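Asks: Here it is: the structure, laid out below.
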Amino acid sequence: MTATSTPVFDLREVSFEYGHGVVALRAVSFSVQRGERLALLGANGSGKSTLLKIMAGLAAPTGGAISAFGAPLAADLLRDTAAAHEFRRRVGIVFQSADAQLFTPTVRDEIAFGPLHLELPRDQVLARVEDTLRMLGLDDLAERAPYNLSGGEKKKVALAAVLSINPEVLMFDEPAAGLDPRTQQWLLELLARLHGAGKTIIIATHRLDELGRIADRALILAEDHTVAAVGPVAELLADRGLLLAANLIHEHAHYHGEVLHSHPHGHVDDEALEHGEPLPHEHDHGAPVPEGNGAPVPDDHSGL
Amino acid sequence: MPAWLLEPQVAPRAGGTRRSFLGRFAGGLGHFVERAFAADAASAQPGLLQRVDPRVKLLTLLGLVLVSVFVTRLPSLAALLAFAIVLVVLSRIPLRRFAVRAWLVVPLFTAAIVLPAMTSWVTPGDALVTLWRDQRIAIGPWHLPQTLAITTAGVATAARMLLRVSAAVSFSVLLALTTRWNDLLAALRAVRVPRLFVFVLAIAYRYVFVLLRAAQDLVLARRSRTVGRVSAAEDRRFAGAAAGALFGKSQAMSEEVYGAMVARGYVGEARSLDRWRLRPIDLGWAMTAMLVAAAVIALDIVLGRVA
């Protein structure tokens with residue numbers, strides 16, 4: 001990571017409230033350094049997606065201040081076409097729902113959309129489209145309608161559509177959601193290559209598996225929409241109390257014979273915990289199973 | 001876990017095979033999407049109009065629509081419609097698909113509207129077919145004419161309206177079927193159509209697919225939980241409730257779609273991947289379209305003088 005004095009993003013006491021009084025973020029403060037890999041962790045509804053939208057200049061905070069690349073990121077600024085183009089060239093976001101992102105007639109048009117609207121020279125746009133198609137193995141789908149693709153293919157096209165802009169900062173909202181294991185692995189490798197190329201990567205997720213491979217540092221949003229913690233991934237993963245309070249792991253109950261047994265349980269792989277403490281099974285032996293209370297829940301540690 | 005959830009499932013009674021209102025609704029949504037993508041597929045065919053610069057095509061086809069609106073003689077309108085059919089063939093658009101798209105709904109609807117105009121009640125003239133003579137017919141408080149006939153002038157009026165609508169719709173559909181959506185938007189901007197208008201079109205087109213997918217999901221979710229035959233009234237109640245739910249979802253969806261466009265540099269200006277330069281084929285097409293328009297107008301004037 002190449003940290004510089006000017007952070008890519010600097011948020012000070014950022015809050016966001018939806019029009020009908022629903023709070024999404026409360027006084028969130030943190031910085032993102034150039035070349036960093038940051039994970040935004042939090043339970044469903046904790047405000048991760050809203051935070052990403054604010055950082056992507058798609059929503060304006062209702063309180064506090066945010067600066068990007070050393071300049072205030074204000075709604076007024078992005079109304080200016082030149083400033084908006086400059087910012088969009090530097091920051092790309094891949095949405096959680098690929099369906100919302102893909103509605104040009106063909107995959108090729110979709111990948112060309114960003115560079116074209118950011119006014120890159122036509123030759124460069126065409127070259128980028130071809131390169132991106134090839135890099136992501138989408139050549140065969142180039143003339144297909146994004147609407148008719150599978151979930152994994154749509155996600156790849158959504159990613160390709162942002163990569164073709166070649167932004168310095170890449171933001172992902174739940175990138176692995178709905179992907180099969182092979183595509184998840186492919187995505188992890190791609191993220192590693194992008195990070196190796198110096199990109200700043202910000203990923204919003206509520207999953208802890210593979211976290212050590214996608215982020216160096218993490219910010220945990222609590223369920224009350226405040227920042228619960230910011231720090232190195234390994235340190236945060238070792239804090240079971242913090243993860244439980246943020247609803248990132250849960251008390252997992254299962255049976256040994258007729259004895260109820262529970263322990264904190266999250267979806268954390270060994271590599272993610274390489275530098276931290278693995279989550280130990282905390283044996284809370286509970287009451288015997290009452291008769292006729294249904295079949296025991298299998299201790300299945302596969303991903304949710 | 002409640003005991004009922006652990007009970008073995010009883011196979012449901014088989015329902016009827018008749019397609020319900022919801023089934024037809026879901027089918028209709030799917031059909032709409034298919035048609036939209038078929039239009040995009042047609043725009044990629046190597047036909048005559050597909051090769052014409054979108055700006056030239058937009059202006060010339062809109063010009064032909066205007067000519068269809070202003071000429072009044074039946075032969076002039078028939079000539080315009082014939083020209084549209086020639087263009088369909090030269091643009092390699094399957095005639096049947098074009099007919100369904102261009103002539104099934106709007107002209108048929110127009111035909112229903114102009115039916116009264118064929119009668120002596122609306123358009124007096126020489127009787128072609130007498131429907132009834134010297135009869136007192138009342139429908140509730142309304143009394144129909146004692147004698148009603150289809151008149152020659154009435155048939156001419158109806159035919160004129162039908163031909164005019166068919167020709168105008170044909171040129172419009174030709175534009176839509178032979179031009180990629182992004183190119184069409186960019187062409188609209190190139191001919192100085194206000195940015196806001198083009199922006200609303202762009203958003204609406206992108207958004208309609210997201211909304212349709214959501215509507216299809218709602219219908220499929222409902223069908224997957226429906227066993228046996230459901231009354232039409234219940235189907236309609238569900239459709240009403242689903243429409244309400246969709247309305248609620250629509251705002252969040254529109255923000256997502258718009259956000260995705262803005263995040264990739266969209267500032268209300270549509271851009272096309274194709275580089276537009278006027279080529280001989282564009283000039284050739286423009287000349288042909290203008291000649292046809294001039295010929296049709298001349299024919300209309302001549303026929304007017306003769307009459």
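Every read-out reported here was derived from the displayed coordinates using simple, explicitly stated rules and does not represent laboratory data. Keep in mind that this is a model prediction, so the values were computed, not measured. Note: ideal-geometry Cβ built from the backbone for every residue, glycine included; neighbour counts use all protein chains shown.
Asks: Please list, ordered by chain and number, the residues whose modelled amide H lies under 5 Å from the amide H of A:LEU208; skip anything fewer than 5 residues away on the same chain.
Replies: A:HIS267
Asks: A:ALA60 label point, 7 Å along Cα→Cβ, cut-off 17 Å on backbone N: hits in region A:19-41?
Replies: A:19-20
Asks: Compute the separation of the alpha-carbon centres of region B:139-180 and region B:57-90 and state it in Å as a whole number.
Replies: 16 Å
Asks: With a cap of 16 neighbouring Cβ atoms within 10 Å, and only residues DSSP puts in a loop, list the trypsin sites (Lys or Arg not before Pro) found in region B:47-109. Intermediate results must be reported in sequence, preceding the final value.
Replies: Values: sites: B:ARG51, B:ARG55, B:LYS57, B:ARG73, B:ARG92, B:ARG96, B:ARG97, B:ARG101; in loops: B:ARG73, B:ARG92.
Loop-located and lightly packed - B:ARG92.
Asks: If you don't mind, there's one more thing I want to ask. Could you compute the FRET efficiency for A:GLN124 and A:TYR18, with r as their C-beta to C-beta distance and R0 at 41 Å, rounded to 0.05? List each step's numbers first, then the result.
Replies: Details: r = 39 Å, r/R0 = 0.96.
After rounding to 0.05, the efficiency reads 0.55.
Asks: Same structure, new question: Just flag the trypsin sites (Lys or Arg not before Pro) in region B:175-254 sitting in loop per DSSP whose Cβ has no more than 16 other Cβ atoms within 10 Å. Intermediate results must be reported in sequence, preceding the final value.
Replies: Numbers: sites: B:ARG180, B:ARG189, B:ARG192, B:ARG195, B:ARG206, B:ARG213, B:ARG222, B:ARG223, B:ARG225, B:ARG229, B:ARG236, B:ARG237, B:LYS249; in loops: B:ARG180, B:ARG192, B:ARG225, B:ARG229.
Passing sites in region B:175-254 are B:ARG192, B:ARG225, B:ARG229.
Asks: Quick one: order B:TRP276, B:TRP285 by neighbouring beta-carbon count within 10 Å, fewest to most.
Replies: Details: B:TRP276 15, B:TRP285 20.
Neighbour counts put them in this order, fewest first: B:TRP276, B:TRP285.
Asks: Now a separate question. Which of the lysines could be linked to A:LYS156 by a straight reach, that is with a Cα gap under 22 Å, when you skip same-chain ones fewer than 8 residues away?
Replies: Excluding near neighbours in sequence, the set is A:LYS48, A:LYS53, A:LYS199.
Asks: While we're here: Identify the trypsin sites (Lys or Arg not before Pro) of region A:81-135 meeting these criteria: DSSP loop state and at most 15 other C-beta atoms within 10 Å of the C-beta. Mind dumping the intermediate values first?
Replies: Details: sites: A:ARG88, A:ARG89, A:ARG90, A:ARG108, A:ARG122, A:ARG128, A:ARG134; in loops: none.
Filter output for region A:81-135: empty list.
Asks: Sort region B:88-134 into rounded, prolate or oblate with this rule: let a ≥ b ≥ c be the square roots of the eigenvalues of the Cα gyration tensor; rounded if a/c is under 1.5, and if a/c is not under 1.5, prolate when a/b is larger than b/c, oblate otherwise.
Replies: Values: a/c = 4.20, a/b = 3.27, b/c = 1.28.
Prolate is the answer for region B:88-134, as a/c is 1.5 or above and a/b outweighs b/c.
Asks: First measure r as the distance between the Cβ atoms of B:ALA78 and A:ASP80, then evaluate 1/(1 + (r/R0)^6) with R0 = 56 Å and state the FRET efficiency to the nearest 0.05.
Replies: Values: r = 54 Å, r/R0 = 0.97.
Calculated value: 0.55.
Asks: Mind giving me the FRET efficiency for B:VAL302 and B:ALA243? R0 is 41 Å, r the Cβ-Cβ distance, nearest 0.05 is fine.
Replies: My answer for the efficiency is 0.15.
Asks: Can you sort A:HIS250, A:HIS225 from fewest to most other Cβ atoms within 10 Å of each residue's own Cβ?
Replies: Numbers: A:HIS250 14, A:HIS225 22.
Ordered by Cβ neighbours within 10 Å, fewest first: A:HIS250, A:HIS225.
Asks: Counting only C-alpha contacts under 8 Å and six or more residues apart, can you give the relative contact order of region A:9-244 as a whole percent?
Replies: Working: 414 pairs, mean separation 67.7, N = 236.
Reported relative contact order: 29 percent.
Asks: Then there's this: Within 10 Å of each Cβ in peptide A:109-120, how many partner chain Cβ atoms are there on average? Round it to a whole number, please.
Replies: Details: counts 7, 1, 1, 4, 8, 5, 4, 9, 9, 5, 3, 1.
Taking all residues of A:109-120 together, the mean is 5.
Asks: If you take the square roots of the eigenvalues of the alpha-carbon gyration tensor of region B:249-304 and sort them as a ≥ b ≥ c, do you get rounded (a/c under 1.5), prolate (a/b over b/c) or oblate? All intermediate terms of the calculation are to be shown ahead of the outcome.
Replies: Numbers: a/c = 6.89, a/b = 2.22, b/c = 3.11.
Oblate shape, in that a/c is at least 1.5 and b/c is the bigger or equal ratio.
Asks: Could you give each residue of region A:141-156 its phi-based ³J(HN,Hα) in whole Hz, using Karplus coefficients 6.51, -1.76, 1.60 with θ = phi - 60°, and x for Gly or Pro?
Replies: Using θ = phi - 60°, the values come out as 9, 3, 9, 7, 7, x, 4, 8, 8, 6, x, x, 5, 4, 4, 5 Hz.
Asks: Same structure, new question: Give me the distance in nm between label points sitting 7 Å out from Cα along the Cα-to-Cβ direction at A:ASN44 and B:VAL193, one decimal.
Replies: Each label point lies 7 Å from its Cα, and together they span 4.1 nm.
Asks: What order do you get for A:ILE201, B:ILE139, B:ILE203, A:ILE111 when you list them from fewest to most C-beta neighbours inside 10 Å? Can you show the working numbers first?
Replies: On the way: A:ILE201 22, B:ILE139 7, B:ILE203 16, A:ILE111 32.
Going from sparsest to densest Cβ surroundings: B:ILE139, B:ILE203, A:ILE201, A:ILE111.
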